[in-house]
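Report on the structure given below.
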Amino acid sequence: MFLPLSLLFVGAVLILNGFWMSGRFSDREIVVINLATAAITAGVAAVSLTRAMTPEDVRTVALTLLFSVTYLWVAVNRLTGADGRGLGWFSLFVALSVLPQAYQAIMTAAGFVALWLGLCWLAWSGLWFLYFVTLALQKQLQGPTTVATLGTGVLTAWLPALVLVYGAHP
């Protein structure tokens, strides 16, 4: 039920973070979308937790909150001028934590949407691993990380959100 809402804002934050990473606007401006997305996805997770009936429901909430914390951390780093190494190490934690979800979703996919979602988890894991390499290990991968952020935002979040918002349901 909340998937289109979350995906729309995740798409926005990833696309805008990609533009920000390419120097299209300032550190202070990127704070707004990161805080908004952190709040929206955390709110969706909180409501979903109150409705959780199974361990799988709770797992979905936990994984969503990993991303909410990421967006909050980006905003705080931009406000404080932190170098991002802590966020980089957290990104490794996220990348590794979502891999089992990707594997399980791909292996048990009963249709296109389920397979697509598993591939999204895999893409998100790869993207967060790039954040780890770029931020924590300080490797010069700004260009590929920027392109991956933009592409992941469009293909795994924004376009699917639009499809779901305008009528197709998983």
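The values are calculated or read from the model by the stated rules, or taken from the named source; none is laboratory data. Everything quoted here is computed from the prediction, not taken from an experiment. Virtual Cβ from ideal backbone geometry, glycine too; neighbours counted across all protein chains shown. Protein only, heavy atoms only, side chains kept; ligands, DNA and RNA dropped before computing areas. Shrake-Rupley method; radii C 1.70, N 1.55, O 1.52, S 1.80 Å.
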Does SER97 satisfy being under 23 Å from VAL163 (Cα atoms) and surrounded by 14 or more Cβ atoms within 10 Å (Cβ to Cβ)? no
Working only within segment 65-77, note down all residues that are open to solvent by 40 Å² or more (accessible area, probe 1.4 Å) and at pLDDT below 95. LEU65
Between THR80, THR108, which is farther than 29 Å from ALA136 by Cα, out of contact with any Ser or Thr (no Cβ under 6 Å at 6 or more places or on another chain) and open to solvent by 20 Å² or more (accessible area, probe 1.4 Å)? THR108
Exception for ILE30 within (1) open to solvent by less than 30 Å² (accessible area, probe 1.4 Å); (2) modelled with pLDDT of 95 or more; (3) among the aliphatic types (A, V, I, L, M) falls at (2)
Exactly one of (1) touching a residue at least 40 places away in the same chain (Cβ under 8 Å); (2) under 17 Å from the mean Cα position of the chain (by Cα) is unmet by VAL69. Its number? (1)
Given the criteria among the hydroxyl-bearing types (Ser, Thr, Tyr) and more than 24 Å from VAL163 (Cα to Cα), does THR108 qualify? no
Would you say ARG85 is of a type in the set (D, E, K, R) and touching a helix residue (DSSP H, G or I) at 6+ places or on another chain (Cβ under 7 Å)? yes
Residue identified as without any contact (Cβ under 8 Å) to a residue 40 or more places away in the chain and touching a Phe, Trp or Tyr at 6+ places or on another chain (Cβ under 7 Å) among ALA95, ALA39: ALA95
May I ask you to list the residues in segment 52-67 that are assigned to a helix (DSSP H, G or I) and either among the aliphatic types (A, V, I, L, M) or over 15 Å from ALA39 (Cα atoms) (or both)? PRO55, GLU56, ASP57, VAL58, ARG59, THR60, VAL61, ALA62, LEU63, LEU65, LEU66
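Report those helices (runs of 4 or more DSSP H) wholly inside segment 103-166 carrying at least 1 residues which are over 20 Å from VAL13 (Cα atoms) and touching a residue at least 12 places away in the same chain (Cβ under 8 Å). Walk me through it before giving the result.
On the way: elements: 112-131, 142-153, 159-165.
The helices (runs of 4 or more DSSP H) meeting that bar are 112-131.
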